[in-house]
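Data first, discussion second: the structure below is written as structure tokens.
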Protein chains: 2
Amino acid sequence: MTLLAQQQEILNAVEAGFAKQVDFLGQLTRFPSTRGEESAAQQWMSDAFAARGLHVDRWALDHQELQHLPGYSPVLAPYENAVNVVGTSHSKTRRGRSLILNGHIDVVPTGPADMWSRAPFAASIEGDWLYGRGAGDMKAGLAANLFALDALAALGFRPAADCFLQSVVEEECTGNGALACLHRGYRAEAALIPEPFNETLVSAQVGVIWLQIRLKGIPAHVAYAAAGVNAIEAAFPLVAALRQLEHEWNTQTDKPAHYAKHAHPLNLNIGKIEGGDWASSVPAWATLDVRMGIYPGQDLNQAEQAIRDCILTAAQQSAFLRENPPEIINHGFRAEGYSLADDRSETATVAIQTLANAHQQVSGKALQQEAVTATTDARFFGLYGGIPTLVYGPKAEHIHGYDERVSLASTLRVTQAIALFIANWCGLEPL
Amino acid sequence: MTLLAQQQEILNAVEAGFAKQVDFLGQLTRFPSTRGEESAAQQWMSDAFAARGLHVDRWALDHQELQHLPGYSPVLAPYENAVNVVGTSHSKTRRGRSLILNGHIDVVPTGPADMWSRAPFAASIEGDWLYGRGAGDMKAGLAANLFALDALAALGFRPAADCFLQSVVEEECTGNGALACLHRGYRAEAALIPEPFNETLVSAQVGVIWLQIRLKGIPAHVAYAAAGVNAIEAAFPLVAALRQLEHEWNTQTDKPAHYAKHAHPLNLNIGKIEGGDWASSVPAWATLDVRMGIYPGQDLNQAEQAIRDCILTAAQQSAFLRENPPEIINHGFRAEGYSLADDRSETATVAIQTLANAHQQVSGKALQQEAVTATTDARFFGLYGGIPTLVYGPKAEHIHGYDERVSLASTLRVTQAIALFIANWCGLEPL
């Protein structure tokens, strides 16, 4: 068989299995695998790996093991239910290049369900779209990894190198799930993560810092409001100061090259607030969850210090906060940026070219690269494992929003591209 | 026995029973009778009334019955557990003037318990102070009402007119508990409420409006923050506009006379906020609970409309809020102001004089009057029942704050003054 004919067979095999894949994706999306609730979905992934004869490895994350590793992010929640699953396709010949196919099982909260036009975890399909929290970010990617291997198996093949299918937790808040895979010894010559970036290759990603600001006020009956200090309103000028810092970082003249043309690469977000408990009591506390982006190459510790200084300097403007400064807690991401495009190794170059070929073969178009304003787990493999990592996945809309949805046609193409990538990167050997 | 000698006996009898009263107050304070959790404490009050041979009436509040009455305030919570208790001391002779002795059993939330130097419901005593959420506001007053009658009973007397001991719910958010008493037919020639105003008589009280502002934004992954609208930050300019309105109302030149010398009678409070659920998702909703004071005589509907207009006008400044205006919900107080000092009836005059005499007898000082910046249930009896209502209670500190506490010496004096007031207002008859 010619190479081209074999490639066409692979594309056909993915298409032949796609109805099953969509069904699988629907079932996976129906698990409401938000933070702390991932275990049922992980059991499902584990069963799916085992049913295909992959070697299955499951383990719970452990703060003690991870906390001194580079890339670790602190969280306040326990990790009893935070379980990673890896299914390994062992090669007999090991002729080719090994590969990690990674994806995350955790999804962000839905927000008020009544704001969705469909139940957030119903996984309903309308036209080309499959709807659901996590459908795009990134259960479609998890399914694509698995069904790409299935298509090769349907043709009687498996990768001619070890191939590790990883379903990890904690991508959305720390990345400690991917870190735990690395720490457990999983290594390969390249990694691929089908995050939903619309069939473009991520050339660079920002770093992300999460901080929790805890303000105390002085509670009082509102009748004596002058005797109290309102902790909710005390937060407002701190937010204004952070917006100013965001503006400065985005308009600095020495932005990294990948983001030079980007109007606003670093986004600040006040993502959550809680304060007070009674309309007629001056609120004595307020808690804000803050996210800030940083550039690849920007020193994480310095950046965090600059954010902390910004908050504390703004607090100096208030007579009360001067004496009762806000507590600033690390609570989630301490993520550095990562740039695949800066990896000049031959391995990286070949990996990118191999994916570009697969993409061209499937879509008839050249592979576009994009520097993105989010983080992904790619940083662990790239920065701390020396593994060039390709982030390339389907088209999705409204991720982290209402009515999140993923394009099925795009998911099919991405699955085909992944299958071709495996065939050409790892090579194939008979089952 | 001379009148003076009898009065001294009453003071002595209150003092003799005060150890028991403090014990009772401690036990009552240990019930965490926050909104929705009042029933155990009401059972305790009911048992205490029954043990004294009072006729006990208990009933659950009913929105359907109350909602068309003047003074009703809407709430969103159900009323299954909202039970009022009234104990009636029936007179045989009915020679004197009837009296309502009212108090509320509900207490506001404690806030974070670790901010208290003592457990909020432990009711620990240190020196002259009994500590606890609700100890001052107003379980000390509930106990004072009951033990004033006990002291008279210890001397072989009861009031020579019907006397109604009311323990009501909902004072802290609507007043619907007191309204339900009125609607049930409880009437008397005067009412007394021992709210903790430091042994001064409340001459006037403000009205209070609670509103809940619900903002929607557009959720998005923070990587695409420009595609989202942050509902938390959308609230900030609305709060600024409300602060401006508060300033205007407090500085208007035609303040009612009772508040003319008051620097800041009307307090705005942003008492509670909740918004968003994930640091890296642009928050799509925020909810603020707002309290605003109004003057006695200020039209409630007009005032509420002015507040609503203020919020909606500020919202017009935002392109997004212009298209998606905040929802403004009635959710708690729609309370008019009330001024006892404006009640020129002979009944009111005599009631005030009777209390002033009692206060003088106990404390050796003239009774001070004060226009207060809070609301109380007095408005129901005064405005809708035509019953002059005396608000006069013990010294307390940090009500609605941490380490709320009530002075025991003050509670003793107030109980003595109430006992004298009953003796002189209702007269006494043998048991």
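The values are calculated or read from the model by the stated rules, or taken from the named source; none is laboratory data. Worth saying up front: this structure is predicted, and the values here are computed from it rather than measured. Glycine also receives a Cβ, built like all others from the backbone with ideal geometry; neighbour counts cover every protein chain displayed. Ligands, DNA and RNA are excluded from the accessible area calculation, which covers all protein heavy atoms including side chains. Shrake-Rupley method; radii C 1.70, N 1.55, O 1.52, S 1.80 Å.
Bin width 5 Å, alpha-carbon pairs only: give the P(r) of region B:207-335 as whole percents, running from 0 to the bin holding the largest distance.
Histogram of Cα-Cα distances, whole percents per bin: 2, 11, 20, 20, 17, 12, 8, 5, 3, 2, 1, 0.
Give me the inter-chain shielding for A:264-270: mean count of other chain Cβ atoms within 10 Å, whole number please.
Average per residue, whole number: 6.
Would you mind telling me the antiparallel percentage of the DSSP bridges in the protein assembly as shown, rounded to 5?
75
On a C-alpha basis, how far is the centre of region B:310-387 from the centre of region A:56-77 in Å? Whole number, if you could?
Using only Cα atoms to place each centre, the spacing works out to 56 Å.
To test your reading of the geometry: what angle, between 0 and 90 degrees and rounded to tens, separates the Cα axis of helix A:18-29 from the longest principal axis of chain A?
Tilt of helix A:18-29: around 20 degrees.
To the nearest 20 debye, what is the magnitude of the charge dipole of region B:353-406 about its Cα centre, counting +1 on the Cβ of each Lys and Arg and -1 on the Cβ of each Asp and Glu?
Once rounded to the nearest 20, the dipole reads 180 debye.
Using a 10 Å cut-off around each Cβ of peptide B:231-242, what is the average number of partner chain Cβ atoms that fall inside?
Shielding by partners across B:231-242 averages 3.
Can you list, shortest first in nanometers, how far B:SER117 lies from the same residue in the other copies, with each label 7 Å from Cα toward Cβ?
So the label point of B:SER117 gives 5.9 nm to the other copies.
Just how much of A:THR88 is accessible, in Å², when a 1.4 Å probe is used and the result is rounded to the nearest 10?
Ignoring ligands and nucleic acids, A:THR88 comes out at about 10 Å².
Between helix A:300-315 and chain A, what is the angle of the helix's C-alpha long axis to the longest principal axis, kept within 0 to 90° and rounded to the nearest 10?
30
Send over the Kirkwood Rh of chain A, from the inverse of the averaged 1/r over different Cα pairs, rounded to one decimal Å.
Across chain A, the inverse of the average 1/r is 22.7 Å.
Working from the alpha-carbon coordinates of region A:339-431, get Rg over Rh, Rh being the Kirkwood radius.
So for region A:339-431, dividing Rg by the Kirkwood Rh gives 0.99.
Along each principal axis of its Cα atoms, how long is the protein assembly as shown end to end? Whole angstroms, biggest number first, please.
For the protein assembly as shown, the Cα extents along the three principal axes come out at 122, 52, 48 Å.
Other chains' Cβ within 10 Å of B:396-405 residues: what's the mean?
Taking the mean over all residues of the peptide, I get 4.
Please sort by residue number the trypsin sites (Lys or Arg not before Pro) in region A:18-126 whose DSSP state is loop and whose Cβ has at most 10 other Cβ atoms within 10 Å.
A:LYS92
Can you list, shortest first in nanometers, how far A:GLN67 lies from the same residue in the other copies, with each label 7 Å from Cα toward Cβ?
5.3
In whole percent, how big is the carbon plus sulfur part of the accessible area of region A:1-134, probe 1.4 Å, protein atoms only?
In region A:1-134, the share of accessible area belonging to carbon and sulfur is 54 percent.
Is there a quick way to get the dipole size of the protein assembly as shown? I mean about its Cα centre, with the Cβ of Lys and Arg at +1 and of Asp and Glu at -1; what is the value in debye to the nearest 20?
180
Kindly flag which residue pairs out of B:LYS216/B:LYS272; A:LYS216/B:LYS272; A:LYS216/A:LYS272; A:LYS261/A:LYS395 have an alpha-carbon separation exceeding 19 Å in this structure.
A:LYS261/A:LYS395
If you roll a 1.4 Å probe over region A:153-281 with all protein chains in place, what percent of the accessible area is carbon or sulfur?
Result for region A:153-281: 54 percent of the exposed heavy-atom area is carbon or sulfur.
Treating only the Cβ of Lys, Arg, Asp and Glu as charged (+1, +1, -1, -1), what charge dipole size does region A:207-335 show about its Cα centre? Round to the nearest 20 debye.
Here the size comes out at about 160 debye.
Find how many whole Å separate the alpha carbon centroid of region A:257-297 from the alpha carbon centroid of region B:126-191.
If you average the Cα positions of each part, the centres end up 48 Å apart.
Taking a probe of 1.4 Å, how large is the accessible area per residue of the protein assembly as shown, in Å²?
Here the per-residue accessible area is 36 Å².
Lys/Arg Cβ at +1, Asp/Glu Cβ at -1, dipole of chain A taken about the Cα centre: which of A:LEU300, A:SER117, A:GLY275 is farthest positive-ward?
A:LEU300
Can you find, among B:GLY393, B:VAL350, B:GLY185, the residue farthest towards the positive end of the dipole of chain B? Put +1 on the C-beta of Lys and Arg, -1 on that of Asp and Glu.
Highest projection toward the positive end goes to B:VAL350.
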